[in-house]
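Data first, discussion second: the structure below is written as structure tokens.
The values are calculated or read from the model by the stated rules, or taken from the named source; none is laboratory data. What you see is a predicted model, and the numbers here were worked out from it, not measured in a lab. Note: ideal-geometry Cβ built from the backbone for every residue, glycine included; neighbour counts use all protein chains shown. These area figures cover heavy atoms from the full protein model, side chains too; ligands, DNA and RNA do not enter into them. Shrake-Rupley method; radii C 1.70, N 1.55, O 1.52, S 1.80 Å.
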Amino acid sequence: MSGMILNERLLNGPLVSLSCELDSRDNEPPLDKGLIPWLGHALEFGKDAAKFLARMKNKHGDIFTVCVAGQYITVLLDPNSYDDVLYDTDSFDSRRSKGLLMEKVFSLVLPSDNPEKERKWMEGHFQGVGLDKLQSSMDSHLRDLLLADQRGCGTAQWREEGLFDLCYGLLFRAGYLTMFTRDENADAVYKQFRNFDKLLPKLARSSLKGEDKKSVTSSQESLWQLLAPALLEGGRDAGCWQESYQRYLGEAGVDAETQRKALLMHLWTTQCNAGPAAFWSLALLLRHPEAMQAVLAEVRGVMHEHSLHHPTHERLVTHNTPVFDSVLRETLRLTAAAFISREVMADGKKLGVSGGLEYCLRKGDKVLLFPFLCPQMDPEIHQQPESFRYKRFLNDDMSEKRIFYKGGSRLKHYNMPWGAERKGCVGKQFAISTVKMFVFTVLRHLELEMCEPSDPLPQFNPQRYGFGMLQPIGDLCHNPSLSHSLSLSVALSLSLSLSLSLSLSLSLSLSLSRLH
Ligand code: HEM
């Protein structure tokens with residue numbers, strides 16, 4: 001599941017409630033049980049995992065074990081040791097964590113467990129020929145939805161709307177139309193999905209109360225129903241992703257009820273990250289005029305080099321966009337924050353860290369990697385890690401910068417928004433091309449203007465650490481209206497008009513955060 005690699009000790013703590021009574025043995029990572037019996041650090045962890053883990057790292061270093069709701073979690077923050085966990089699938093298993101979480105959040109228990117087969121099936125859709133088909137469909141849906149949403153909105157007709165809502169709404173609906181090929185209920189699905197996604201971190205942590213509990217159940221049931229007719233009809237497009245997934249599940253002996261639940265899980269996995277990634281990309285560009293100007297130059301190059309009849313995704317394949325590529329890497333470095341969780345399969349399993357130290361792990365414990373903290377926000381690797389530097393991943397000759405060091409050693413893992421290598425995001429290429437198409441389409445069709453250029457960005461919602469892309473608290477307010485400009489011009493005030501029969505004007509006022 002996308003980015004939602006939450007350790008399940010928060011989910012099934014009572015079953016292992018005695019484990020926090022244990023003391024550290026020789027050669028084990030430093031143990032921090034917290035002050036509250038059994039709960040340990042659960043409250044601090046759930047409130048703001050990044051802040052808590054940064055505090056523990058300062059106290060104990062790159063490896064330590066904490067007690068959270070009755071279980072031990074060994075947190076590893078040394079990127080030089082990540083491969084020892086990610087590639088040793090005999091000693092570190094991801095299936096149990098994933099299975100428990102699927103059950104907890106999606107009420108989903110799949111009868112057979114064949115991750116290799118499922119991964120291969122997913123690669124068939126999200127890579128190679130499957131990828132071309134998805135990109136082309138996504139491109140036309142994005143353009144159509146963007147223009148349709150703004151139709152009927154004249155220059156004098158201002159309406160308030162959030163930039164996050166715009167990005168998430170458009171990318172979700174375009175993604176849903178692309179993968180589920182159903183247009184009659186996209187708006188209804190999106191409405192329920194946003195509510196479900198908003199409450200999902202609390203659902204996973206079992207901390208939902210009262211109205212929220214009812215609300216998440218109601219959205220979940222609505223989504224199962226909204227996805228159900230497609231199930232019965234077998235979808236509209238015989239070759240589409242949803243139809244293929246149903247066939248795959250059917251062949252694996254999965255019943256209709258379970259198929260609906262699996263569809264919701266995949267809807268969330270495939271749609272929950274691109275919208276927030278597009279939002280942060282645009283928001284950071286608006287906050288950094290120099291970066292915006294450099295990206296706009298690439299937009300003009302891409303959009304003018306060939307005939308306007310060529311689809312955006314085709315032009316992006318033939319045209320290099322090194323500045324935007326670096327902007328996206330930098331955006332994801334700052335805002336992608338998934339956990340990678342594994343279960344230790346053998347007692348006494350040894351794990352080495354930089355400096356030659358070796359630690360023993362216990363069977364059944366969890367090992368948690370949090371690339372957001374290290375490497376992404378590590379000041380030894382990235383200078384001023386909280387600053388947005390749009391050329392951070394760019395060499396002087398405009399090639400991609402891939403050389404980064406920590407403690408004098410060159411790093412393999414210096415930015416990990418897509419998670420664990422081979423078992424990481426299977427939709428990575430599709431996600432990159434989708435966010436790029438979206439940003440280029442928006443910058444081509446819209447006029448953007450910040451009302452308060454000095455205002456900061458919204459803060460991160462700290463509940464979302466561990467669940468993939470971070471989301472803002474609140475939104476950036478903007479007022480879109482149609483502009484009838486047909487020529488491309490970029491004004492100093494960050495307003496932009498691009499050649500098109502229809503273009504929009506956005507007025508953005510930013511409220512703020514920790515990014516600079
Ligand atoms: C910027 C956007 C995205 C980011 C940052 C992102 C990140 C991630 C991460 C961190 C994981 C977990 C990897 C791990 O376990 O190590 C993941 C899994 C996954 N992602 Fe993405 N993702 C994005 C967009 C997408 C898109 C657009 C799709 C497909 C349409 C997609 C499909 C998947 C799937 C199917 C998995 C589960 C893979 C598995 O279980 O083997 N992702 N993603």
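Among Arg333, Arg143, the order of accessible area from largest down is Arg143, Arg333, computed with a 1.4 Å probe on protein heavy atoms. The residues of the stretch 166-283 present an accessible area of 35 Å² per residue when probed at 1.4 Å with all protein chains retained. Projected onto its three principal axes, the C-alpha set of the stretch 174-223 covers 35, 16, 12 Å, listed from the longest axis down. If the segment from Asp90 to Arg55 were pulled out straight at 0.36 nm per residue, it would be longer than the present Cα-Cα gap by 9.5 nm. Surface exposure of the stretch 48-134, expressed per residue as accessible area with a 1.4 Å probe, stands at 43 Å².
Ordering 365-378, 103-116, 196-209 by mean Cβ neighbour count within 10 Å, with the highest value first, yields 365-378, 196-209, 103-116.
For Ile340, Ile473, Ile432, the ranking by accessible surface with the largest value first comes to Ile473, Ile432, Ile340, using a 1.4 Å probe. Full extension of the segment from Leu43 to Ser218, taken as 0.36 nm per residue of separation minus the current Cα-Cα distance, would add 60.3 nm. How would you classify the stretch 331-395 from its alpha-carbon gyration tensor, with a ≥ b ≥ c the square roots of the eigenvalues: rounded for a/c under 1.5, else prolate if a/b is greater than b/c, otherwise oblate? The shape class here is prolate.
Averaging over all projection directions, the Cα-based convex hull of the stretch 398-459 occupies 7.9 nm² in the image plane. Global dimensions of the stretch 329-440 from alpha-carbon coordinates: Rg and Dmax equal 16.5, 52 Å. A 1.4 Å probe run over the protein chains yields, for the stretch 352-395, 40 Å² of accessible area per residue, whole-number rounding. Computed with every protein chain present, the accessible area of His313 is close to 30 Å² [probe 1.4 Å].
Of the solvent-accessible surface of the stretch 331-480, computed with a 1.4 Å probe over protein heavy atoms with every protein chain present, carbon and sulfur atoms account for 48 percent. Under the convention that each Lys and Arg Cβ holds +1 and each Asp and Glu Cβ holds -1, the size of the dipole of the stretch 53-125 around its Cα centre is about 420 debye. Inter-label distance, His310 to Lys117: 4.3 nm, where each label sits 7 Å from its Cα along the C-beta direction. Given a cut-off of 30 Å, name the pairs among Lys349/Lys391; Lys47/Lys213; Lys202/Lys363; Lys59/Lys412 whose C-alpha atoms lie farther apart than that in the structure shown. Checking Cα-Cα distances, Lys349/Lys391 exceed 30 Å. Largest accessible area first, the residues Thr217, Thr181, Thr318 order themselves as Thr318, Thr217, Thr181 under a 1.4 Å probe with ligands, DNA and RNA left out. Extending 7 Å from Cα along the Cβ direction at Lys202 and again at Ser140 yields two label points whose distance is 4.2 nm. Counting heavy atoms of the protein chains alone, Trp418 has an accessible area of about 70 Å² for a 1.4 Å probe.
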